[in-house]
Amino acid sequence: MYPRVILKGTLYKKSQQKRRTSPCNYKERYFVLNTQSLTYSERRPGKKPAEKGCIELSRIKCVEIVRSDVPIPCEYKYPFQVFYDNYYLYIFAPDNDCRLKWVRALKEETKNNSLILNYHPDFFGEGRWRCCHMTEKLAPGCSEYYPSECASKKPLPPTPDPQRRFSDPPERIVVALKNFTPQEDTDIPLHKDEEYIVIDCSETNWWTVRDKDGNVGTVPCIYIAEKPTNNLEKFEWYNKDITRTQAEELLKKVDKEGAFMVRNSREAGVYTVSVFTKAPGSNGEKYPRVKHYKIRETEGEVVQYYLAENYLKSTIPELIHYHQHNAAGLITRLRYCVSKGNSPKIEELEPELSEQWELNAEELSLGGELGSGQFGLVLEGTWCNSEDKVEKKVAVKTVREGAMSDEEFKDEAKVMMKLSHPKLVRLYGVCTQQSPMYLVFEFLENGCLTDYLRSKRGRVSQEALLGMCIDVSEAMAYLESSNFIHRDLAARNCLVSKDLVVKVSDFGMTRFVLDDQYTSYTTKFPVKWSSPEVIRYSRFSSKSDVWSFGVLMWEVYSEGRLPYECRTNGEVVESLNAGLRLLQPRLCPETVYQLMQWCWKEKPEDRPSFALLLHELAFLADL
Ligand code: ADP
């Protein structure tokens, strides 16, 4: 007999990070709950749904809504959790009713399981549970878990300690998930969907709230949920009471491209983003200068926020987060957040960088030329670190004066050096105290992937070609999970080791190129590897890297040929706009070509993530 279907519908899920390389991303899935299991599948147009996961109900230990004020970067903003075995699956519903429907049904079906006593009401993030600050992912929960969601039978949590002291939290707004009838004199009623201000949340189970008429009392916190708000207070970039002139002074003092802050505008209820730039304006504006952008709201029932048209976000923190990664209409990406309290801290960063990442140039001995790069000559060398006395073969990129925005690079180098993965070319350090500046990289004996492919034409097996794509997708899945965008992924920016492992190089480096021909979408800009949204709006993302990865796979299977060999950049853009794509290379199996085409979907959200690509490629390789 088939199990009976209880509920089905489209929800989002957050990947579970079972593996180190799996990214933290959100995927639309079709969920089906039946009397035996909860399954989720991916629906692809014109194809059979592909089942992506199945959890037997007997393995589930807790199902509960998630109460959190973190901005949720997917369309569905109402999270709930399913804890099974030792994994947390986070699922996002489009509205609260839908969420409650799923939670209730799942609780009902699992109420006879051996359930946990306590659960975590908030997410795990930045290495700890946001609710109780425990750092272990499997730390026991901090809130009592109620297996039944049925309101009438639901046991209310123990009453609050009358001796408790009120804390002094910033104003938080919550929404009632359902009606609540007071049980004690100190309680106040809750009316479903109404908003309440949290006065005290120091008790785990009962919070003190104020309703819209000013009545204050306690309510069970399982009946309320945080409202996604523009609570900006906790963000470092928010300087509430700072004037335009003060903001300009502070940002100019910091003197870094993309230094920014958000402040209250003179107009009540309006916020302004102030950004510092050294770029000359097209209308002859003086520079360096500070530009001020008002955060605008859309009209209509559901308010959304934007700085430049087309990039709408549902909260201000989400909007800022987006522009921290994409200039998208602004004079520059928002790079360094500046607040009244942290400006000296930013200035202190540089000595820290030089202590940690500055290599002693005397420990380097330079040899022959390996090639010539964007910033200058690349030399072979050895580096003998005086501490461990181990000699390493290195590639040293020399940076020609005026070729790189070195101030910016020095700041970012710290981040880049922290990225560490066996399929990424390691940046060991920098020598910035001299001219030309040196960037010291791990040495890879077989040089750049394009040259390698060309030199071995007709002699690389199918297995090896697929292996190259897998190597690159591993590195990229790692970058994706680190929220790091490569921006110039191509075979020429991958290197081959002596064991024929392909590693990704030059990640993020294009941001520091000062060559106009490169940055202004003319001759040197890698149009043939760029997605439509990068060509049109400079909108870089991991999904624009995915597009480039599709082209890189094409290069691999074409044995190092130049994509769109006989066409100019302009012609390529035209044919992309007409929906045309690169043709299937002779050596490329149909299954791999389908993956390439998936990478070249017009809309970034229709493209797969690197985690999924890695999964699919590994499947093809039968790994
Ligand atoms: P850029 O990216 O700055 O334009 P490249 O990375 O293309 O410069 O370097 C130019 C050439 O130097 C490459 O084609 C490659 O042959 C060689 N090269 C660069 N980095 C390394 C490395 N880490 N190991 C070995 N050879 C390298």
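The values are calculated or read from the model by the stated rules, or taken from the named source; none is laboratory data. All of these numbers come straight from a predicted model, not from anything done at the bench. Cβ placement follows ideal geometry from the backbone for every residue including glycine, while neighbour counts extend to all protein chains displayed.
Candidates are the residues of the stretch 575-599 that are of a type in the set (Ser, Thr, Tyr) and under 29 Å from the mean Cα position of the chain (by Cα); the one that is farthest from Ala621 (Cα to Cα) is Tyr593. What number of residues in the stretch 81-92 are over 25 Å from Ile316 (Cβ atoms) and either outside the structural domain of Lys137 (by TED's automatic domain parsing) or part of a strand (DSSP E or B) (or both)? Looking only at that region, the number is 8.
Would the stretch 51-65 turn up any residue that is farther than 30 Å from Gln597 by Cα and at pLDDT below 85? No, that holds for no residue. Exactly one residue out of Leu479, Leu465 is closer than 19 Å to Trp529 by Cβ and buried (at least 22 other Cβ atoms within 10 Å of the Cβ): that is Leu479.
Scanning the stretch 440-485 for residues that are away from the ligand (no atom under 12 Å from the Cβ), assigned to a loop (DSSP other than H, G, I, E, B) and touching a strand residue (DSSP E or B) at 6+ places or on another chain (Cβ under 7 Å) returns no hits.
The residues of the stretch 502-537 that are modelled with pLDDT of 80 or more and more than 14 Å from the ligand (Cβ to nearest atom), listed by number, are Val527, Lys528, Ser530, Ser531, Pro532, Glu533, Val534, Ile535, Arg536.
Within the stretch 320-338, residues that are farther than 22 Å from Lys240 by Cα reach partners that are β-branched (Val, Ile, Thr) and in a loop (DSSP other than H, G, I, E, B) with beta carbons closer than 7 Å, at six or more positions or on different chains, in the pairs His325/Ile485.
The residue pairs whose first member lies in the stretch 231-256 and is surrounded by fewer than 15 Cβ atoms within 10 Å (Cβ to Cβ), whose second member is part of a loop (DSSP other than H, G, I, E, B), and whose beta carbons are closer than 6 Å, counting only pairs six or more residues apart or on different chains, are Glu233/Pro170; Glu236/Ser339.
Filtered by the rule that a residue be of a type in the set (Ser, Thr, Tyr) and either within 14 Å of the ligand (Cβ to nearest atom) or at pLDDT below 80 (or both), the stretch 406-428 gives a lone residue, Tyr428. Evaluated against (1) out of contact with any helix residue (DSSP H, G or I) (no Cβ under 9 Å at 6 or more places or on another chain); (2) surrounded by 16 or more Cβ atoms within 10 Å (Cβ to Cβ), Met553 falls short on exactly one condition, (1). Out of the residues in the stretch 307-362 that are charged (D, E, K, R) and modelled with pLDDT of 70 or more, state the one that is farthest from the chain's Cα centre (by Cα). Filtering the stretch 307-362 for residues that are charged (D, E, K, R) and modelled with pLDDT of 70 or more, the one farthest from the chain's Cα centre (by Cα) comes out as Glu362.
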